[in-house]
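Participant: Pasting a structure below so you can have a look.
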Amino acid sequence: MFKYQFRWDTVWGSFDFLMGGLQMTLVVSAATLVLAMIGGLIIALLDMSRFRVLRWIGISIGEVVRNTPILVQLLWVYYVLPIVFSIRIEALVALIIGLALYQAAFISEVYRSGIQSVPKGHVEAAQVLGLSPLQSFRRIVLPQAIRMTLPPLASNFVQLIKFSSLGAVISVSEITRRGMELSASNFRPLETFTFIAVVYFLICWPLAMAIRLWERRLQAR
Amino acid sequence: MSGTPIILADAVTKRFGTHQVLTLVSLPVMERDVVCVVGPSGSGKTTLLRCFALLELPSEGRILMEGTPISTAEPDRQIKSAARAVRSEIGMVFQHFNLWPHMSVLENLIEAPLRVKKMRRDQAVAMAEALLAKVDLSDKRDAYPVRLSGGQQQRVAIARALAMSPKVLLFDEATSALDPELRREVLIVMRQLAQEGMTMLVVTHEMGFARHVGTRTVFMDRGEIVEEAPGAAFFDAPKTERLKRFLQQFEE
Ligand SMILES: Nc1ncnc2c1ncn2[C@@H]1O[C@H](COP(=O)(O)OP(=O)(O)O)[C@@H](O)[C@H]1O
Ligand SMILES: [Mg+2]
């Protein structure tokens with residue numbers, strides 16, 4: 001790199017434009033997380049179902065989602081779903097559905113390991129005292145499992161902030177997309193994408209650090 | 001011995017797959033009995049207690065409570081409903097305490113009375129406080145289990161079991177996970193319960209407890225009851241070679 005004339009002012013000039021994109025990034029990530037938490041619960045329940053067909057469905061969803069690229073899934077939801085169901089899907093909706101499906105497959109595992117982290121002896125103690133299986137799940141297993149799943153769910157939020165940049169491909173106006181548009185008009189990709197990378201980092205890194213501390217404190221219990 | 005046992009194992013055999021862990025074990029526990037069970041590790045003591053606690057089903061034989069069958073290999077409707085009715089009258093104290101870590105000591109104690117017995121909260125709290133006083137932990141009422149020593153946790157676990165007013169209390173090596181200096185405080189509580197007339201079935205390595213507190217001691221080896229005798233006779237006049245050899249380990 002020789003004698004490059006930095007023009008950061010081209011970025012500052014569009015600061016509000018980019019921050020608007022950041023807002024979209026965060027909204028998409030939060031909405032997706034909520035949807036993925038619900039989807040993950042459904043997949044986990046399917047996985048643990050007494051009925052073979054339901055278990056099979058749950059496991060299949062998980063395997064397909066985990067073994068295909070997220071970008072392909074996103075394109076599939078955006079371009080194929082509308083054809084199959086002959087409906088129109090907004091890019092934003094497609095992004096949220098696609099990401100949520102992907103993340104739900106992982107979150108179902110988070111739930112499962114949260115439940116499995118509760119020692120069998122705690123449940124047996126409840127059983128001997130006369131609590132019903134449902135009571136023991138609600139009062140003994142769930143509160144402990146939830147505590148274990150919170151940090152991984154927060155990590156999923158951080159992941160979603162990064163994954164939501166894929167929305168750029170289907171023209172969802174989040175921060176990466178706006179960066180692409182900006183650099184196409186100001187011809188300053190270096191400043192623009194460096195700035196955007198720094199924004200992502202400043203949000204994701206402190207969150208990731210905080211989660212690591214949180215997890216360590218839970219382990220120590 | 002007369003009357004109906006509080007709890008009775010009737011020719012219980014237990015297999016895990018092809019591995020036979022209990023063979024035709026028959027053991028009655030009468031009211032106010034303190035039956036101690038000793039034996040080498042792996043001899044099936046825990047499995048026997050778990051059958052009594054309805055945590056395992058016998059492969060053959062039955063468990064009866066006050067004459068009513070509550071567990072068999074394939075329990076029918078009647079046995080299942082009998083089991084549900086008496087389940088909380090059989091208390092169990094585990095080697096690793098198994099307190100619920102997300103609940104305070106008081107909450108651990110009142111959970112089952114509130115949910116299972118539908119006791120009023122103020123009543124349950126009053127009873128829990130009385131039990132905590134009994135195990136000498138009144139000051140730990142609002143503490144969480146992680147803040148307690150092992151000995152304190154086990155005393156809370158005993159109080160939690162007592163909160164359901166069980167007719168019999170099962171102890172599975174209640175002091176084995178504790179440092180020697182913490183065992184005494186738990187043994188003192190157990191002895192006190194025995195003196196108050198609690199019916200107890202105690203799996204233990206504490207020979208002093210078995211000799212001085214137990215009304216009867218049973219020796220298990222390889223899934224069978226090999227020998228049993230009341231009080232000191234068990235230790236002073238062992239009949240079988242296997243028991244003699246087992247007891248030798250405990251002499252200095
Ligand atoms: N759930 C289980 N599955 C298979 N084997 C078991 C199970 N529980 C206990 N066992 C076996 O049964 C035998 C007796 O175990 P246990 O009742 O714990 O003996 P003890 O309490 O006298 O040490 C051991 O060989 C153990 O490996
Ligand atoms: Mg054992």
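The values are calculated or read from the model by the stated rules, or taken from the named source; none is laboratory data. None of the values given here were measured: they were computed from a predicted structure. Every residue, glycine among them, receives a Cβ derived from its backbone with ideal geometry; neighbour counts consider all protein chains shown. Note: areas computed on protein heavy atoms with side chains; ligands, DNA, RNA excluded. Shrake-Rupley method; radii C 1.70, N 1.55, O 1.52, S 1.80 Å.
Participant: What's the extension gain from residue A:138 to residue A:197 if we count 0.36 nm per residue and subtract their Cα-Cα distance?
Facilitator: Going from the current span to full extension adds 16.9 nm.
Participant: Taking 0.36 nm per residue of sequence separation and subtracting the Cα-Cα distance, how much length would be gained by fully extending the chain between residue A:216 and residue A:79, in nm to one decimal?
Facilitator: 45.1 nm
Participant: Tally Lys and Arg at +1 and Asp and Glu at -1 over the other residues with C-beta under 11 Å from the C-beta of residue B:135: what net charge comes out?
Facilitator: The answer is +2.
Participant: A further question follows. Can you work out D for region A:4-137 in µm² s⁻¹ from Stokes-Einstein, where Rh is the Kirkwood radius over C-alpha pairs, the temperature is 20 °C and the viscosity is 1.002 mPa s?
Facilitator: The estimated diffusion coefficient comes to 118 µm²/s.
Participant: With only alpha-carbon atoms counted, please give the Rg and Dmax of region A:157-221, in Å.
Facilitator: My reading of the Cα-based Rg and Dmax gives 15.6, 54 Å.
Participant: As an exercise, use a Förster radius of 60 Å and the Cβ-Cβ distance of residue A:7 and residue B:68 to find the FRET efficiency, rounded to the nearest 0.05.
Facilitator: Using R0 = 60 Å, I get an efficiency of 0.10.
Participant: For residue B:176 and residue B:80 in one chain, what is 0.36 nm times their gap in residues minus the Cα-Cα distance, to one decimal in nm?
Facilitator: Separation in residues times 0.36 nm, less the Cα-Cα distance, equals 31.3 nm.
Participant: Region B:15-155: D in µm²/s via Stokes-Einstein (Kirkwood Rh, Cα pairs, 4 °C, 1.567 mPa s)?
Facilitator: D, rounded to a whole number, is 74 µm²/s.
Participant: Taking H as built 1.01 Å from N, whose amide H comes closer than 5 Å to the amide H of residue B:34, not counting residues under 5 places away?
Facilitator: Placed amide hydrogens put B:200, B:215, B:216 under 5 Å from residue B:34.
Participant: Under the definition of Cα pairs under 8 Å and six or more residues apart, what whole-number percent is the relative contact order of region B:1-98?
Facilitator: After rounding, I find 27 percent.
Participant: Here's something else I'd like to know. Rank-order B:37-43, B:136-142 by packing density, defined as the average count of other C-beta atoms within 10 Å over each peptide's residues, highest first.
Facilitator: B:37-43, B:136-142
Participant: Decide, for chain B, between rounded, prolate and oblate: order the square roots of the alpha carbon gyration tensor eigenvalues as a ≥ b ≥ c, take rounded if a/c falls under 1.5, and otherwise choose prolate if a/b is larger than b/c, else oblate.
Facilitator: oblate
Participant: With θ set to phi - 60° and the Karplus curve 6.51 cos²θ - 1.76 cosθ + 1.60, what are the ³J(HN,Hα) couplings of region A:53-64 in order, to the nearest whole Hz, using x for Gly and Pro?
Facilitator: Going residue by residue, I get 4, 5, 4, 4, 4, x, 5, 4, 3, x, 5, 4 Hz, with x marking Gly and Pro.
Participant: Carbon and sulfur: what percent of the protein assembly as shown's accessible surface (1.4 Å probe)?
Facilitator: Percent of accessible area from carbon and sulfur atoms in the protein assembly as shown: 58.
Participant: So for each of A:55-68, A:18-31 I average, over its residues, the number of other beta carbons within 10 Å; can you give me the resulting order with the highest mean first?
Facilitator: Answer by packing, highest mean first, reads A:18-31, A:55-68.
Participant: With no solvent and one equal point scatterer placed on each C-alpha of region B:48-102, evaluate the Debye formula and give log10 I(q)/I(0) for q = 0.14, 0.17, 0.30 Å⁻¹, two decimals.
Facilitator: The calculated log intensity ratios at q = 0.14, 0.17, 0.30 Å⁻¹ are -0.40, -0.55, -1.28.
Participant: If you line up the long axis of helix A:175-186 against the longest principal axis of chain A, both from Cα atoms, how many degrees apart are they, to the nearest 10?
Facilitator: Computed tilt is about 10 degrees.
Participant: If you don't mind, there's one more thing I want to ask. Return the distance in nm (one decimal) between the two label points of a simple spin-label model at residue A:184 and residue A:19, each offset 7 Å from Cα along Cα→Cβ.
Facilitator: 2.5 nm
Participant: Something else about it: How big is the charge dipole of chain B about its Cα centre, in debye rounded to the nearest 20, if each Lys and Arg gets +1 on its Cβ and each Asp and Glu gets -1 on its Cβ?
Facilitator: Charge dipole, chain B, about its Cα centre: 640 debye, nearest 20.
Participant: Work out from phi, with θ = phi - 60° and the Karplus expression 6.51 cos²θ - 1.76 cosθ + 1.60, the ³J(HN,Hα) of each residue of region A:206-211, listed in order in whole Hz, and give x for Gly and Pro.
Facilitator: Using θ = phi - 60°, the values come out as x, 4, 4, 5, 4, 5 Hz.
Participant: For region B:35-135, what does the accessible surface come to per residue with a 1.4 Å probe? Please give it in Å².
Facilitator: So region B:35-135 comes to 41 Å² accessible per residue, rounded to a whole number.
Participant: Further, regarding this structure: What does the charge add up to near residue B:172, with Lys and Arg as +1, Asp and Glu as -1, over the other residues with Cβ less than 10 Å from its Cβ?
Facilitator: Computed value for this residue: +1.
Participant: Quick one: pull the percentage of alpha-carbon pairs in the protein assembly as shown with a separation above 32 Å.
Facilitator: 56 percent
Participant: OK, next. Please list, ordered by chain and number, the residues whose modelled amide H lies under 5 Å from the amide H of residue B:168; skip anything fewer than 5 residues away on the same chain.
Facilitator: Result for residue B:168 returns B:91.
Participant: While we're on this one: Taking the Cα-to-Cβ direction at residue B:237 and at residue B:222 and moving 7 Å from each Cα, how far apart do the two end points lie in nm?
Facilitator: 2.7 nm
Participant: Starting from the coordinates of the alpha-carbon atoms of region B:10-62, obtain the Kirkwood hydrodynamic radius over all distinct pairs and give the value in Å to one decimal.
Facilitator: When all Cα pairs of region B:10-62 are included, the Kirkwood radius is 11.6 Å.
Participant: Note down the magnitude of the dipole of the protein assembly as shown about its Cα centre, charges +1 on Lys and Arg C-beta and -1 on Asp and Glu C-beta and zero elsewhere, to the nearest 20 debye.
Facilitator: That gives a dipole near 820 debye.
Participant: With a bin width of 10 angstrom, please list the P(r) values of region B:73-198 as percents of all Cα-Cα pairs, from the 0 bin to the one holding the largest distance.
Facilitator: Final binned percentages: 13, 43, 32, 10, 2.
Participant: Between region A:37-85 and region B:97-117, what's the alpha-carbon centroid distance in Å?
Facilitator: 39 Å
Participant: Among the aspartates and glutamates, which have Cα under 16 Å from the Cα of residue B:239 when same-chain residues fewer than 8 positions away are ignored?
Facilitator: Candidates past the 8-residue exclusion: B:221, B:224, B:227, B:228.
Participant: Another question, then. Tell me the relative contact order for chain A as a rounded percent, counting alpha carbon contacts under 8 Å between residues six or more apart.
Facilitator: Dividing the mean separation by the residue count of chain A yields 29 percent.
Participant: Related question: Would you mind checking which residues have amide H under 5 Å from residue B:227's amide H? H placed 1.01 Å from N; only 5 or more apart, or other chain.
Facilitator: B:219
Participant: For region B:145-204, what ratio Rg/Rh do Cα atoms give with a Kirkwood hydrodynamic radius?
Facilitator: Ratio of gyration radius to Kirkwood radius for region B:145-204: 0.95.
Participant: On to the next question. Suppose each label sits 7 Å from its Cα in the direction of the beta carbon; what would the residue B:24-residue A:86 distance come out to in nanometres?
Facilitator: Rounded to a tenth, the inter-label distance reads 7.7 nm.
Participant: Specify which residue in the list B:235, B:17, B:171 is farthest towards the positive end of the charge dipole of chain B, using unit charges on the beta carbon of Lys, Arg (+1) and Asp, Glu (-1), about the Cα centre.
Facilitator: Highest projection toward the positive end goes to B:17.
Participant: What does the net charge come to around residue B:33 if you take all other residues with beta carbon closer than 14 Å to its beta carbon, with K and R at +1 and D and E at -1?
Facilitator: Net of charged neighbours comes to -1.
Participant: Report, in degrees rounded to the nearest 10, the 0 to 90 angle that the Cα long axis of helix A:142-163 makes with the longest principal axis of chain A.
Facilitator: That helix lies at roughly 20 degrees to the long axis.
Participant: If R0 is 45 Å, what FRET efficiency do you get for residue A:205 and residue B:196 from their C-beta distance, rounded to 0.05?
Facilitator: 0.15
Participant: Could I ask something else about it? What list of ³J(HN,Hα) couplings, whole Hz, do you get for region B:55-66 from phi and the Karplus terms 6.51, -1.76, 1.60, once you set θ to phi - 60° and write x for glycine and proline?
Facilitator: 8, 10, 8, x, 7, 9, x, 9, 10, 10, 10, 6
Participant: Evaluate peptide B:101-109: per residue, the Cβ atoms of other protein chains within 10 Å of its Cβ; return the mean as an integer.
Facilitator: 3
Participant: If you don't mind, there's one more thing I want to ask. Tell me, what is the Rg over Rh of region A:52-206, with Rh the Kirkwood radius over Cα pairs?
Facilitator: Across region A:52-206, the Cα-based Rg/Rh ratio is 1.12.
Participant: Need one number: % antiparallel among DSSP beta bridges in the protein assembly as shown, to the nearest 5.
Facilitator: 55 percent
Participant: Against the 2.2 N^0.38 Å scaling, with N counting residues, where does region A:1-56 land? I'd like the Cα-based Rg ratio to two decimal places.
Facilitator: That works out to 2.22 for region A:1-56.
Participant: So, one more: Residue by residue through B:161-172, how many Cβ atoms from other chains fall within 10 Å of the Cβ on average?
Facilitator: 1
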